[in-house]
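K.L.:
Here it is, the structure in full.
The values are calculated or read from the model by the stated rules, or taken from the named source; none is laboratory data. If you're wondering where the values come from, they're calculated on a predicted model, not measured in any experiment. Note that we place each Cβ from the backbone using ideal geometry, even for glycine, and neighbour counts take in every protein chain shown. SASA here: full protein model, heavy atoms, side chains in, ligands and nucleic acids out. Shrake-Rupley method; radii C 1.70, N 1.55, O 1.52, S 1.80 Å.
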Amino acid sequence: QAQIIDDLLDVSRIVGGKLSLDVGRVDLVDLVSVTLDSFEVAATAKQLRIKRVLEPAAAAVLGDAGRLSQIIANLVGNAIKFTPRGGSVTVVLRRLESDVELVVSDTGEGIAADLLPLVFDMFRQGDAGMNRRSRGLGIGLAIARKLTELHGGRISAESPGVGLGASFRVRIPTLAVIAGDAPET
């Protein structure tokens, strides 16, 4: 319930244009590791395998560590929620041109082709009927999109279809030159 309240407050801030970032240098390798560690119990309970592919050379980004963690947690939490017992979730973090890319893939329920363009819409859920299996309001991905955009990045979703898993891709620009890391001339 606390998470739902926090999400609703974030939606209110987003709609009102009052969501602000506490910006600083963020090491995404460490942030992704810590965030993934927080999901170990949930993954173990469902007998899910979480595979980490965290490229040590993934550059730092300028961003809000708490909000970036919120994006990661939303994607990993959804992957765990929608992946059946015994499945797997893969989290890849790598440097890609002038961005850092985070990809969260699962072997879960997948997303129907007609719903794929709508997954980041507020209050949109694939199983919106009274017999829904998942809890939540359908706002997590909308918040993740807005937070990604506030960091100058972009987020996308891919799925080969229902029952075939899904992948979410987040790209955030790297820091060009961090004070103290400038090459000597």
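K.L.:
Please work out if residue 154 is farther than 21 Å from residue 50 by Cα, open to solvent by 80 Å² or more (accessible area, probe 1.4 Å) and at pLDDT 90 or above.
P.N.:
yes
K.L.:
On to the next question. Tell me, yes or no, whether the stretch 108-119 has at least one residue that is at pLDDT 95 or above, surrounded by 13 or more Cβ atoms within 10 Å (Cβ to Cβ), closer than 17 Å to residue 52 by Cβ and in contact with a helix residue (DSSP H, G or I) (Cβ under 9 Å, 6 or more places away or on another chain).
P.N.:
no
K.L.:
Ok, one more. Name the residue that is surrounded by the most Cβ atoms within 10 Å (Cβ to Cβ), counting only residues in the stretch 30-56 that are β-branched (Val, Ile, Thr) and in contact (Cβ under 8 Å) with a residue 24 or more places away in the chain.
P.N.:
This residue is 32.
K.L.:
Out of all the residues in the stretch 64-94, which are under 22 Å from residue 146 (Cα atoms) and charged (D, E, K, R)?
P.N.:
Correct list: 64, 67, 81, 94.
K.L.:
Let me ask you something else. In the stretch 57-97, which residues are of a type outside the set (D, E, K, R), open to solvent by 20 Å² or more (accessible area, probe 1.4 Å) and closer than 13 Å to residue 170 by Cα?
P.N.:
Correct list: 69, 70, 73, 74, 92, 96.
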